[in-house]
Amino acid sequence: MKLPFTPLYSTELGHAYLGDSLAIMRKVPSETVNLILTSPPYALHFKKVYGNKSQAEYVSWFMEFAREFLRVLRPDGSLVIDLGGSWQQGRPTRSLYHFELLLSLCKETHFHLAQEFYWYNPA
């Protein structure tokens, strides 16, 4: 598959692209990608230089990406998301936005939740 973008790097197993992911995905033919591995910006209370959505905006913002993920993934492809949680501002409770996103991915785009992975980050 030849795209109108230059890969950041390539191997015989595939290519990695750096750029606006929606713009790149819109040029990718349907059902041609085996794996999407992404770590999108988390819905944190403090704004990051790279930009991050609020918890209230997050699910609808991410679903635009999810529809393109679904379109470009092969039927036997996988979507792996590093999705971080957050706390509710002013309250000692966790936000539910990342759970709401998982439910939307399963209900609206018909992805299937196969496994959750947890990792320890002492930072």
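The values are calculated or read from the model by the stated rules, or taken from the named source; none is laboratory data. Because the structure is predicted, anything quoted here is derived from the model rather than measured. Backbone-built Cβ (ideal geometry, glycine too); neighbour counts: all protein chains shown.
For A66, are the conditions met, namely being over 23 Å from H15 (Cα atoms), in a helix (DSSP H, G or I), small (G, A, S) and in contact with a helix residue (DSSP H, G or I) (Cβ under 9 Å, 6 or more places away or on another chain)?
No; evaluated as a whole, the condition is false for this residue.
Residues in region 2-14 that are closer than 17 Å to F69 by Cβ and not in a strand (DSSP E or B): 1 in all.
Among the residues of region 15-40, those that are at negative phi and assigned to a loop (DSSP other than H, G, I, E, B) comprise Y17, L18, D20, R26, K27, V28, P29, S30, T32, S39, P40.
Selection of region 89-123 for residues being surrounded by 10 or more Cβ atoms within 10 Å (Cβ to Cβ), assigned to a loop (DSSP other than H, G, I, E, B) and in contact with a helix residue (DSSP H, G or I) (Cβ under 8 Å, 6 or more places away or on another chain) yields S95, T109, F111.
For the residues E64, E68, E31, the requirement of being among the acidic types (D, E) and either at pLDDT below 85 or in contact with a strand residue (DSSP E or B) (Cβ under 7 Å, 6 or more places away or on another chain) (or both) singles out E31. Under the condition of being of a type outside the set (G, A, S), part of a loop (DSSP other than H, G, I, E, B) and surrounded by 13 or more Cβ atoms within 10 Å (Cβ to Cβ), the residues counted in region 69-88 number 2.
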